[in-house]
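K.L.:
Before we start, here is the structure in question, set down as structure tokens.
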Amino acid sequence: MGCEDRSRMAAKPEESLEDRLEWYGESGYYPFHMPGHKRRMPEEYGPALQTAARMDITEIDGFDDLHQPEGILLFAQKRAAAVFGADETFFLVNGSTAGILTAVSAAVEKRGKLLMARNCHRSVYHAVFLRELQPVFLYPGVLEGGVADAIAPGQVEEALARDPDIRAVLITSPTYDGVVSDVKAIAEAAHRAGALLIVDCAHGAHFGFADGQPESPVRLGADLVVQSLHKTLPALTQTALLHRNGERVSSEAVRRFERIYQTSSPSYVMMGSMDSCVRLLEKRGRQIFTEFEERLDRFYERLSGLKTLRVLGQSLPEQGCMKAFDRGKLLISASNGKITGNLLYKELLKRYYLQMEMVCETYVTAILTPWDTRDGLCRLAEALEEIDRELSGPEKPEDGRLFYSGGEAGCGPVMRHWPRTRTVLPLSEAEEAPKTAVRLSGAAGNISGTYVNLYPPGIPLIIPGELITEEIIKLIETYVQQGLNIQGVEKPDGGGFSARELIIETITGRRNRI
């Protein structure tokens, strides 16, 4: 090993973590440390893992410590804070889930009160459980096709006026469907009431880099913002950021809980992709997303000719109380009665080899980013145009594919409002209470012992400790009949079954009148 190798052990602020990892992988340093593959995978492994292993290290000299950064990781996080407009930014290698757990724990004292949107991700409920919090729910309206509306500033203001003990507000903006709340007004309402604002912006890390895009909540007054890099930006899966602004939450509190909820062995390959992503945005973010907006203009113009299928994003911003809509979420509605969301999803997958992000009862969702290829977008447009022509025809095609003739039997109506629930037991108590499995069809009046949600996106319809109602039962049965991926209910053993035979966990010995 020469002097040049030794001199590079000291990190410089301008140095890329990816470049440093590549250099180290080719250097003469021999690893008598973790990981066990010693930067070279067994020959039986494929080339992809062989390549990754050369940069897969642990906290060694010259590479800093994510939980006490003083060198290259500190420089990388400061760069991210500057690019995204935060006072301080923390790298997350356990995804946005770790960021949500950290943010809630740092913002609300144990057994305190959290005002939260009912359509928050399941990770928020996990934070409520871990901190034994008292959740106060804000219910969104429901728009065309069953899309959840934004949380209105007035809802937040009224809830805070009713309960001055609420310490923090948590909303999701954008939602999984691309619906954006008025974060600025909500932040102002929270701060007037002495509360702080946490925004789950996992799907909005790309916001604010071009005219025409929604602004990032980091620049709109939110105190803590969680963003997934991997969802809409070029970074490896499981990478995310937690941004802190102002002095309402201390850096020390965030760091304390970040150390609890994140692995003590963070992946340097992941962090290298995060640093590279931030550097790309720093250099060319505005150019990339300005050009992307122009591509979206052309793409949506082409889809404007659809007759039976509908692009919901073109009409949703005129409904409800949303501040904006993320056009990177393509929502194709199938609410015309000729095709269900799941059948459209299957048709795109099996006939056209196009994998969508999500499916629900009336629409499918595709995530569009600047890194979609021209060919990929053309294939999607052509597939939708062909399906639309066939659905718009007067006769059923001779091949009789499943998605014609009005969809699948037994499909219920589109959800018109977010189901209201009643808490009987606190979540912290219900999670650990004894459970009994019962038939879903006869579960009304029982207390739920589990979360039930579509996945993706992982937003609970009901959580442990809440009263199971006939409305919830019918909604779950509808989703199962449509073939959607619903978690929290079990199918009986054997082959075919009726949705009425589904099993759900309930709190042992607890029933309440509805």
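K.L.:
Which links in Lys307/Lys350; Lys231/Lys329; Lys231/Lys491; Lys307/Lys474; Lys231/Lys307 stretch past 21 Å when you go from one Cα to the other?
P.N.:
Lys307/Lys350; Lys231/Lys491; Lys307/Lys474; Lys231/Lys307
K.L.:
In square nanometres, what is the average projected area of the Cα convex hull of the chain? Don't skip to the answer; put the middle values down first.
P.N.:
Details: hull surface 107.1 nm².
Taking the Cα atoms of the chain, their convex hull projects to 26.8 nm² on average.
K.L.:
Sequence-distant or interchain residues sharing an amide H contact under 5 Å with Arg118, placed H: which?
P.N.:
Amide H neighbours of Arg118, under 5 Å, 5+ apart: Leu138, Tyr139.
K.L.:
Still on this model: Give, rounded to the nearest 20 debye, the magnitude of the charge dipole that the chain has about its Cα centre when Lys and Arg contribute +1 at Cβ and Asp and Glu contribute -1 at Cβ.
P.N.:
So the dipole magnitude of the chain works out to roughly 900 debye.
K.L.:
Leaving out ligands, DNA and RNA but keeping every protein chain, what accessible area does Leu425 have, in Å² rounded to the nearest 10, with a 1.4 Å probe?
P.N.:
10
K.L.:
Another question, if that's okay. So what does His67 come to for accessible area, using a 1.4 Å probe and Å² rounded to 10?
P.N.:
Rounded to the nearest 10, the figure is 20 Å².
K.L.:
Quick one: which residues, 5 or more positions from Glu357 or on another chain, have an amide H under 5 Å from its amide H? H modelled 1.01 Å from N in the peptide plane, none for Pro or chain starts.
P.N.:
Distant-sequence amide H within range of Glu357: Thr365, Ala366, Ile367.
K.L.:
Counting Lys and Arg as +1 and Asp and Glu as -1, each charge on the Cβ, what is the dipole of the stretch 12-170 about the Cα centre in debye, to the nearest 20? Write down the numbers at each step before the final one.
P.N.:
Values: 16 positive and 24 negative charges, 108 e Å.
With only Lys, Arg, Asp and Glu charged at Cβ, the dipole is about 520 debye.
K.L.:
Oh, and also: For the ranges 209-217, 301-309, 260-268, 226-234, what's the packing order if you count other beta-carbon atoms within 10 Å of each residue, average per peptide, and put the highest first? Let's see the in-between values first.
P.N.:
On the way: 209-217: 19.6, 301-309: 14.3, 260-268: 16.7, 226-234: 24.3.
Descending packing order for the listed peptides: 226-234, 209-217, 260-268, 301-309.
The values are calculated or read from the model by the stated rules, or taken from the named source; none is laboratory data. Predicted model, so just to flag it, every value in this text is computed and none were measured. For neighbour counting, all protein chains shown are included, and Cβ atoms are generated from backbone atoms with ideal geometry for every residue, glycine included. Each accessible area value is taken on the protein alone, full model and side chains, heavy atoms only, with ligands, DNA and RNA left out. Shrake-Rupley method; radii C 1.70, N 1.55, O 1.52, S 1.80 Å.
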